[in-house]
Amino acid sequence: MTLESLNALTSSEAMKQFELCCGSSGWVRKMEKNRPFNSIKNLFQKAKSIWFSLSIDDWSEAFLHHPKIGNMDSLPNQFQNTKSLSINEQSGITVATETTLIKLAESNQLYEDKFGFIFIVCATGKSAKEMLELLKTRLENNLETELQNAAIEQNKITQIRLQKLLL
């Protein structure tokens, strides 16, 4: 899709495309309302500024649209719309040992119990071991710090998905 074709989509078609990039309905609505974008740079700047202007509730909604790192079993049913994106993003999981996957599952649960949302990380290019180490490190944070970390990681994911949209 080109920037011109994205700008030319109907409102509902544009929203469907934006939903593939970020699960926050507030972000999706604001992105749609900011069309047309005058350049790709403008699109990415708006995406970032809108994301960081949203509430914690909006962020939490976006986080719900991701499978837990390493939980590829949830993709066929729960995350059908973004299944192929998540599989590609978490490709480092496919070569993980069973021990690493078990540790990821355990650490994911500890993280969710502590912070109230799943561990969000831009998994693109990271191995399962790298993600596990990041998860363990971030478990040491307080809630405020971790909300910011998760928001930054979600923005990275959104930016990558926007790039793929425009390929």
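The values are calculated or read from the model by the stated rules, or taken from the named source; none is laboratory data. Computed from a predicted structure; not experimentally measured. Here Cβ is always computed from backbone atoms with ideal geometry, including for glycine, and neighbour counts include all displayed protein chains.
Could you say which residue among GLU140, GLU153 is modelled with pLDDT of 95 or more and more than 15 Å from LEU64 (Cα to Cα)? Can you show your working first?
Values: GLU153 fails: more than 15 Å from LEU64 (Cα to Cα).
On inspection, the qualifying residue turns out to be GLU140.
Out of all the residues in segment 98-113, is one or more of a type outside the set (Ser, Thr, Tyr), touching a residue at least 12 places away in the same chain (Cβ under 8 Å) and over 17 Å from PRO67 (Cα atoms)?
No.
Could you list all residues from segment 135-167 that are in contact with a Phe, Trp or Tyr (Cβ under 8 Å, 6 or more places away or on another chain) and of a type outside the set (S, T, N, Q)?
LEU135, ARG138, LEU139, LEU143, GLU146, LEU147, ALA150, ALA151, LEU162
Anything in segment 117-137 that is modelled with pLDDT of 95 or more and surrounded by fewer than 16 Cβ atoms within 10 Å (Cβ to Cβ)? List them, or say none.
GLU133, LYS136, THR137, listed by residue number.
Among SER86, SER60, SER74, which is the only one that is touching a Phe, Trp or Tyr at 6+ places or on another chain (Cβ under 8 Å) and modelled with pLDDT under 95? Quick ask: steps written out before the conclusion?
Details: SER60 fails: modelled with pLDDT under 95; SER74 fails: touching a Phe, Trp or Tyr at 6+ places or on another chain (Cβ under 8 Å).
So the residue among SER86, SER60, SER74 that is touching a Phe, Trp or Tyr at 6+ places or on another chain (Cβ under 8 Å) and modelled with pLDDT under 95 is SER86.
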